[in-house]
Each structure stands twice: as C-alpha cells, then as structure tokens.
Ligand code: NIG
Ligand code: FE
C-alpha cells in the first residue's frame, strides 16, 4: 500500500539528517522543497523529491494499491505535536470564565474550591464510557486541525479510583484513535479538599501508593506535578520526581506559571523531559535550562485565556535554548486544542518567526513527548503524520491567518483521514 502526493507547492520542514530538537538560532531554520512529491508506504515516509526529478515508473514499479493526491498550489507540513494537554475531562467550566470576567482571579476561584477541584468533583461522578466519548470527540476535533500527536494528563481525579479512571480512558484512546498519544500521571495537580492542611499526607499517597500502582498497571508514560505557589512545593515535587525515577516514569512538570517557584530548577535536577508554562522565568532559570536536556515549553493558550504575563520565549531562544509550544487544552485555563492558533500566538504575542513557531509546535513538541526520532518533521523513515493545506501562499501564512483553518487533508499513519458525519 502506498500514497503518492504530487505537485506540492512547498514540502515544508524536510530533514535529511534527523535532529533531536532545534535550539537557539536553529529554530529559525526550516528546510523547504518547492514543487515536490512525497511517497508514503504503510505508515512511513519513504521518500521525497522535486517533481522534475520524479521517475514515476521506477518509483511505482511492482507496487499495487497505490493512492494519488494532487497538491497543486497547496503545501504539506508535518503534523503538529501537542506535548501538553488535559483533554480528558467531564465538563466545560464557562461559569468560572464568566466569574473571571466579573473580576475574580484564577487563584481566587481555586481557593473557593473551584478550578481543578470543581472538575475533580465531576470526575468522580462520570462513567468511564462517557469520559471516553467526550475525549474522543475532542481528539477528532484537533485531528482535523492538524494535530498528529498529543500528550494527555490525568490530574482531575485526585484519588486513586478517579485517577485510574482517567488513565484507563487515555489507554483506550491510544487504541481507538489514529493520533499518537502519550500519557502523564498528574496525581499532584491540586491538593484534594479532604487533604486541606495535610498536603504532605497527600504527597505520601501519591508517592507510596499511586505511583507504584501506575507503574504496576503500566498506566502512564510520564509523571507530572504542578509545582507552583499555592499548589505543590519544590520539596513535594522532588519527592514525586524521585519516586517517578524509581519506577521509570520521566518527568514533565508544570512550573513557574504563578511565581518563581523553583520548579524549573527541580525539573532540571531530575532530568525532566520538559518543564511547562514558564511565565516566571529569569536569568537563573535560563542558566539552569542551558545545561540540561529539558525542553522548555510555553503554553500560549493558558496565558491568553487567563490574561497572564507572557513567558519570555524570545529571550529564551536568543539565549540559545530550544523551545516548544503546546495547547494545554483543558476546561479551566485553555479550552482550545487548536495548534494553528498556538502557532499564531507564538508569532503575534511571543514574536517568534514563522519558522520558529513551526519548530516549537512540531519537532520540539515531539522531543517533549520523547518522540522526535519518529515525528515532528518530514524525514525518511519517520511516521507519515502530516497535513495538506488549502491553497496558501507560504509558511508565513500559517501564523498570519489566525483563527481560520488552513488544513484541508490530514494523513495519519499513512492513511487519509475522513470526517465522520
Ligand atoms: O495547565 N496549571 C495547572 N493546570 C492546568 C489548569 C487546569 C484547570 O484549571 O483545570 C493548566 O493550566
Ligand atoms: Fe497544564
């Protein structure tokens, strides 16, 4: 089985030599092939080149069951890799959204038992099946917006039964969806009501009971902690990351969204795969990241939705760091998983060049999911997760035309995806 895409106006983000990430000045480099073809066999990218050098007879010799797509005036991009979401959740929270319009802050809402705790209460009531169906609908939505891989966190359970329910749903989604999915155990997302004033006891539960159980049942790929003012301390975080290490769960943590929490340094110390949010990142944090293998990940949707200060993304790249951007799709702080919009925000609000915005939402996102040898660029041998655009003029049009859908055809695992009506 094969798929040949011909007459591609521009084949974007090709790689001859696979890189694990793009950092500093490399982020502005995106290789593009004009007037190109792309050949896919099974679920893999096998070859690409320019139309004038395409010998179709030779390429297709002995091949049966070949599909053809014409991409005249259209572009082909590697699918977005969204390395940070909470898209398994029971219901939306637009009531709190209106409370914030009226003047309450996200932290005040959380203090009143709203926010994450509000979703956690509903999580206990919903069935696994209902949770699966609603999450599957969200996956379908982001799939047709160009996302090809997504990380999904637990963290709205906050007791073992409900955390397990979320993680089991993510396992089911992995099987049912053509998206490449990775899961993170985020037991330490908030201190549950019944542990108020006894935070260490809840951390004990996460460390001594939940993490071993997650590992035993192979329910997650990574471990996460919300290390920030009013949530979990550096000490709590280090205990959890240590337990994660013991059980083979690498860390991807929420850090420095609300303050200089020390979360970035804790993540680096435990060789986290990524530290995410990063609104409060100063010179010390940048220095720690520079000598690490940790991907700094900015979540523009949450900053936009909550009206927060912006993470110093430009400064981080100029200092030589790699940078990823993800959607943070969740009901409280970023109710959108639209990575085209994230790319626009990257350029408009964070002053990333279109090429930098593309690297942040593809290759570097793939690194932040442990998948950069498989996804994130158009390279021979990588998984064929990509999309064909509508008729657009060039790469810069992607972040420029914010709010409109530029994706026309989605190919995941080498297969053309069709919308179910
Ligand atoms: O990444 N910052 C912590 N957690 C989520 C918000 C979750 C919620 O409000 O439901 C985030 O923004
Ligand atoms: Fe998050």
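Readers should treat all values here as calculations from the given coordinates under stated rules, not as data from a laboratory. The structure presented is a predicted model; accordingly, all values stated were derived computationally and were not measured. Cβ sites come from the backbone with ideal geometry, for glycine too, and all protein chains shown count toward neighbours.
Of note:
- Between 98, 268, 223, the GNM of the chain built on Cα springs shorter than 10 angstrom shows 98 fluctuating the most.
- Mean sequence separation of contacting Cα pairs (under 8 Å, at least six apart), scaled by the length of the stretch 85-367, corresponds to a relative contact order of 15 percent.
- Three principal axis extents of the stretch 85-234 based on alpha-carbon atoms, in descending order, are 42, 41, 28 Å.
- By the count of neighbouring beta-carbon atoms within 10 Å, fewest first, 80, 402 end up ordered 402, 80.
- Residue 393-residue 193 FRET efficiency (beta carbon distance; Förster radius 51 Å; 0.05 resolution): 0.45
- Residue 284 paired with residue 380, simple spin-label distance in nm, labels 7 Å along Cα-to-beta-carbon: 4.9 nm
- Across the alpha-carbon set of the stretch 1-88, the Rg to Rh ratio works out to 1.04, Rh being the Kirkwood radius.
- Taking the square roots of 5 times each eigenvalue of the Cα gyration tensor of the stretch 275-420, largest first, gives ellipsoid semi-axes of 26, 18, 14 Å.
- Likely footprinting exposure, 389, 362, fewest C-beta neighbours within 10 Å first: 389, 362
- Per-residue ellipticity at 222 nm, computed for the chain from helices alone with -39500 (n - 2.57) per DSSP H run of at least four residues, works out to -9500 deg cm²/dmol.
- Added length on full extension, which subtracts the Cα-Cα distance from 0.36 nm per residue, residue 100 to residue 51: 12.3 nm
- Rg/Rg_globular for the stretch 363-421, with Rg_globular taken as 2.2 N^0.38 Å and Rg from C-alpha atoms: 1.28
- Candidates 154, 404, 83, ranked by Gaussian network fluctuation over the chain, Cα under 10 Å, top entry: 404
- The order of the peptides 254-263, 280-289 by mean Cβ neighbours within 10 Å, most packed first, is 254-263, 280-289.
- Pairwise centroid distance, computed over Cα atoms, of the stretch 197-239 with the stretch 77-124, Å: 20 Å
- The relative contact order of the stretch 1-79, computed from alpha carbon pairs under 8 Å that lie at least 6 residues apart in sequence, is 50 percent.
- Full extension of the chain between residue 73 and residue 314 yields a length gain of 83.5 nm, computed as 0.36 nm times the residue separation minus the alpha carbon distance.
- Its relative contact order, with pairs defined as Cα atoms under 8 Å and 6+ residues apart, puts the stretch 1-146 at 26 percent.
- Each of residue 144 and residue 32 was given a label point 7 Å from its Cα along the Cα-to-Cβ line. The distance between the two points is 2.8 nm.
- The length gained on full extension between residue 401 and residue 41, counted as 0.36 nm times the residue separation minus their Cα-Cα distance, comes to 126.3 nm.
- Compactness check for the stretch 85-367: Cα Rg over 2.2 N^0.38 Å is 0.92.
- Residue among 373, 64, 184 with the largest mean-square fluctuation in a Gaussian network model of the chain, springs linking Cα atoms under 10 Å: 64
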